[in-house]
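Coordinate-derived values only; no laboratory data. Computed from a prediction, not measured in an experiment: that's the story for all the values here. Don't worry about glycine lacking a Cβ; one is built from the backbone with ideal geometry, like all the others, and counts go over all protein chains shown.
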Amino acid sequence: MSFTAANVLSDARVMVHDEDSIRWSDGDLLAYVNRGLEALWAKRPDAFFVEGIVVDPPTALTSTSNAVPLLDRWRVALTHWVAYECLSEDDDDASNQALATNHLQKALTGVG
């Protein structure tokens with residue numbers, strides 16, 4: 001576990017072209033990270049292995065400086081989940097919906 005919520009937010013902002021944090025607040029993206037962690041826990045609790053044991057369900061992250069309680073290999077899938085959540089907000093924009101679907105597929109593929 002060597003990355004923070006800020007790392008995920010930064011990567012997701014690149015994916016959704018919001019590098020200057022104009023469209024989505026850190027608070028919104030942090031909520032998406034937390035939903036992604038919940039979804040990942042439901043599908044793959046083994047993603048939260050630490051030294052051979054599954055840790056407790058993740059608690060909500062409250063700051064971008066919080067360490068994300070995942071093994072590094074799950075970072076990309078979580079980042080795609082955050083991008084999916086962002087782009088899903090524009091349900092009246094067909095292009096963004098297509099991009100959202102693409103990010104969701106990548107997130108789901110990443111978790112197997």
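Numerical summary
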| quantity | calculated |
| --- | --- |
| Structure-based [θ]222 nm, the chain - -39500 (n - 2.57) summed over DSSP H runs of at least 4, per residue, nearest 500 | -18000 deg cm²/dmol |
| Dimensions in Å of segment 49-112 - Rg and Dmax from alpha carbons | 14.2, 45 |
| Surrounding net charge for ARG44, when Lys and Arg each add one and Asp and Glu each subtract one, Cβ distance under 14 Å | +1 |
| Segment 1-110: trypsin sites (Lys or Arg not before Pro) in DSSP loop, at most 11 other beta carbons within 10 Å | none |
| Angle in degrees between helix 94-111 and the longest Cα principal axis of the chain, rounded to the nearest 10 | 10 |
| Angle between the chain longest axis and helix 75-88 axis [Cα atoms, degrees, rounded to 10] | 30 |
| Dimensionless Rg ratio for the chain, taking C-alpha atoms and the 2.2 N^0.38 Å reference | 1.02 |
